[in-house]
Amino acid sequence: MKQIISALTLLLFGALYLHAQPSTTELVQQAELEQHVRFLASDELRGRYTGSMGNRTAARYIAEYLRAQGCQPVEGMTDYFQEIPFQSVRPPATATFKVGDKVYKYGEDFFLSNGPAATIEGAAVFAEHAWVDEEEGIDHFAGLDVKGKLVFAWSGKPGSRDPQEAFAASKVKRKLAAERGALGLVEVYRLPFPWKFLLNYLNKENLSIADPDDAASEGLVYGMLNEKSDAPFEAMKAGKKTLVALTTSGVLKSKMHSSNVAAVLEGSDPVLKNEYMVVTAHYDHVGVAKQGGGFAYGKTDSIFNGARDNAIGVASMMLTAKVMAVNRPKRSVLFLALTAEEQGLIGSSYFVKHPLVALDKIVFNFNTDGAGYNDTTLVAVMGYDRTGIAPLIDKGASEFGLKVIADPAPEQGLFDRSDNVSFARKGIPALSYSPGFAAFDDALMKNYHQVSDEAQTLDFDYLLKYSRSFIETARLIANDEKRPFWISGDKYEAAGKALYKKK
């Protein structure tokens, strides 16, 4: 009889303990969610442009909140900040460009993003893609005399029209051309990406990581030209002498700093705590318009506050830490607020190159990012069915009355446009969780990278459901004893097998 009573007592206390654990619904209230979003998207932070005072203020706000929840600095770090050595790159104030008899307009037909003040005149050389790959037997400089000349080349890598690959390849191309004595390299634009969008993005101040390897191409003038006709370049290939004249006042570079915010919550399971799930959200945005000055409101507003992109995501990540600190998951969780996503995923790229925990101990990256929403019955998940955890995603959303739509705009390549792709390229299973949309329509784009993206325009009733569903899904993944992994045939499967040494 005593044994029966003892067993019943244990069951009773166990039930009371379980009941005592507050739920996600109890812990996450609209008032706190709204507080975080309104602060991060406030005019006082001036659009959280990477390296700005507003950006650094946001980082401190996030770090102190994570500290208050009991999250710790990563082992080996004394604080919550992973500093990144940035350089600011400003395009030349003036430039001119003439090819044969045709004159191109700076800032419309071409832009320059590297090189000192210079004047380059004389015959030009065309070098296909300006690419060298010994394994593939490619050397586009073979037989060409490029020393002291301006070199033209098609944009991108041979056989690829992927914009991300093209932008990564441009750095290699500059080095190859500089090593061979070229004075300048101009890529002729041939990518399936709107030229005006590219121009707006690159023909302005941009940030990059200061890299000692760039010194080799520091003196090379580099840019892109939007010439739709192949004729001038086919003529060069055929040996026809084509005179060019390019002048530039020079690109201006300066050092600056910003940081990722990183904090760890140790897992509760003695074995699974040695594995990490990384929860990410970028906290930077695009700052203030050129015409802006001081604080402005209404029609004269010039501050891009980024409530949707990505104050919502950061607030959801912060609240995930709050819930998990109370209900510790089995796996350890690294909360990572990333900087410079808007500058080309620089914060996440830097992290995976300089990881604070071993990459092969990271079993999943759960990212949240968004341009907005146009359907408050949904959450949109890029990578939904790629890592074997779709049932967990469905369960996390359905608990709050939401349905999941998988990659609703495949033509946009959204999986590869947020920080999750930096982890995926290393082989780490990843996805990006976003507020609900069924298409990239005018309703969605109305506030994307616009000054209208203000906290007061948000539907916080819906966003409470969204945030809770994100947190619950993160909790399910962190507690699931089965590790996520890429489905067979996924383009990141090979990288995953190499990282985790899987056959």
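The values are calculated or read from the model by the stated rules, or taken from the named source; none is laboratory data. Predicted, not measured: the structure shown is a model, and the values here were computed from it. Methodologically, a virtual Cβ is constructed for each residue, glycine included, from the backbone with ideal geometry; neighbour enumeration extends over all protein chains shown.
Return a yes/no flag: does segment 53-74 have any residue that is among the basic types (Lys, Arg) and either crowded, with 17+ Cβ neighbours inside 10 Å or farther than 22 Å from Phe351 by Cα (or both).
Filtering segment 53-74 down to residues among the basic types (Lys, Arg) leaves 56, 60, 67.
Still in the running and either crowded, with 17+ Cβ neighbours inside 10 Å or farther than 22 Å from Phe351 by Cα (or both): 56.
Within segment 53-74, one or more residues are among the basic types (Lys, Arg) and either crowded, with 17+ Cβ neighbours inside 10 Å or farther than 22 Å from Phe351 by Cα (or both).
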Unmet criterion (only one of (1) in contact (Cβ under 8 Å) with a residue 24 or more places away in the chain; (2) surrounded by fewer than 16 Cβ atoms within 10 Å (Cβ to Cβ); (3) in a helix (DSSP H, G or I)) for Ala439 = (3)
Is there a residue being within 33 Å of the chain's Cα centre (by Cα) and modelled with pLDDT of 95 or more anywhere in segment 159-171?
-> no
Considering only segment 30-68, state which residues are within 16 Å of Thr457 (Cα to Cα) and acidic (Asp, Glu).
-> Glu34, Asp43
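For segment 328-353: of the residues being assigned to a loop (DSSP other than H, G, I, E, B) and among the basic types (Lys, Arg), which is surrounded by the most Cβ atoms within 10 Å (Cβ to Cβ)? Give the steps one after another, and end with the answer.
Keep residues of segment 328-353 that are assigned to a loop (DSSP other than H, G, I, E, B), which gives 328-331, 339-345.
Cutting the leftovers down to among the basic types (Lys, Arg) gives us 328, 330-331.
Working: Arg328: 18, Lys330: 17, Arg331: 27.
Only one residue fits best here, namely Arg331.
Does Gly181 satisfy the criteria of being in a loop (DSSP other than H, G, I, E, B) and under 23 Å from the mean Cα position of the chain (by Cα)?
On the way: in a loop (DSSP other than H, G, I, E, B): yes; under 23 Å from the mean Cα position of the chain (by Cα): no.
It is false that Gly181 is in a loop (DSSP other than H, G, I, E, B) and under 23 Å from the mean Cα position of the chain (by Cα).
Which of the residues spanning segment 379-408 are among the hydroxyl-bearing types (Ser, Thr, Tyr) and surrounded by fewer than 16 Cβ atoms within 10 Å (Cβ to Cβ)? Talk me through it step by step, then tell me what you get.
Looking only at segment 379-408, we keep the residues that are among the hydroxyl-bearing types (Ser, Thr, Tyr), and these are 384, 387, 398.
Result: Ser398, single match.
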In segment 484-501, how many residues are touching a Gly at 6+ places or on another chain (Cβ under 7 Å) and either part of a loop (DSSP other than H, G, I, E, B) or among the aliphatic types (A, V, I, L, M) (or both)?
-> 8
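Tell me yes or no: at least one residue of segment 322-332 is closer than 17 Å to Tyr61 by Cα, in the same structural domain as Gly370 (by TED's automatic domain parsing) and among the small types (Gly, Ala, Ser).
Initial filter on segment 322-332 (closer than 17 Å to Tyr61 by Cα): 322.
Still in the list and also in the same structural domain as Gly370 (by TED's automatic domain parsing): 322.
The next check asks that each one be among the small types (Gly, Ala, Ser); those that pass are none.
Looking through segment 322-332, none of the residues is closer than 17 Å to Tyr61 by Cα, in the same structural domain as Gly370 (by TED's automatic domain parsing) and among the small types (Gly, Ala, Ser).
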Restricting the search to segment 393-435, which residues are more than 22 Å from Tyr350 (Cβ to Cβ) and among the aliphatic types (A, V, I, L, M)?
-> Ile393, Ala397, Leu402, Val404, Ile405, Ala406, Ala409
Filtered residues of segment 283-302 (kept if in contact with a Gly (Cβ under 8 Å, 6 or more places away or on another chain) and modelled with pLDDT of 95 or more) = Asp284, His285
Provide a single number: the residues in segment 372-396 that are within 23 Å of Ala424 (Cα to Cα), of a type in the set (Gly, Ala, Ser) and either modelled with pLDDT under 95 or within 24 Å of the chain's Cα centre (by Cα) (or both).
-> 4
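Being within 18 Å of Ser432 (Cα to Cα), assigned to a helix (DSSP H, G or I) and either of a type outside the set (Gly, Ala, Ser) or free of Cβ contacts under 8 Å to residues at least 24 places away in the same chain (or both) is the filter here; which residues of segment 465-483 pass it? Spell out the reasoning first.
First pass over segment 465-483, keeping only residues within 18 Å of Ser432 (Cα to Cα): 465-478, 483.
Next, only the ones that are assigned to a helix (DSSP H, G or I) stay: 465-478.
Lys465, Tyr466, Arg468, Phe470, Ile471, Glu472, Thr473, Arg475, Leu476, Ile477 - these are the residues of segment 465-483 that are within 18 Å of Ser432 (Cα to Cα), assigned to a helix (DSSP H, G or I) and either of a type outside the set (Gly, Ala, Ser) or free of Cβ contacts under 8 Å to residues at least 24 places away in the same chain (or both).
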Within segment 53-94, the residues that are of a type in the set (Phe, Trp, Tyr) and modelled with pLDDT under 95 are Phe86
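Could you grab me the full set of residues in segment 186-227 that are in contact with a Lys or Arg (Cβ under 7 Å, 6 or more places away or on another chain), within 23 Å of Gly413 (Cα to Cα) and not in a loop (DSSP other than H, G, I, E, B)?
none
Evaluate the following for Ala117: is it surrounded by fewer than 21 Cβ atoms within 10 Å (Cβ to Cβ), in contact (Cβ under 8 Å) with a residue 60 or more places away in the chain, closer than 22 Å to Pro232 by Cβ and in the same structural domain as Lys237 (by TED's automatic domain parsing)? Before you say what the answer is, go through the steps one by one.
Values: surrounded by fewer than 21 Cβ atoms within 10 Å (Cβ to Cβ): yes; in contact (Cβ under 8 Å) with a residue 60 or more places away in the chain: yes; closer than 22 Å to Pro232 by Cβ: no; in the same structural domain as Lys237 (by TED's automatic domain parsing): yes.
So Ala117 fails the test.
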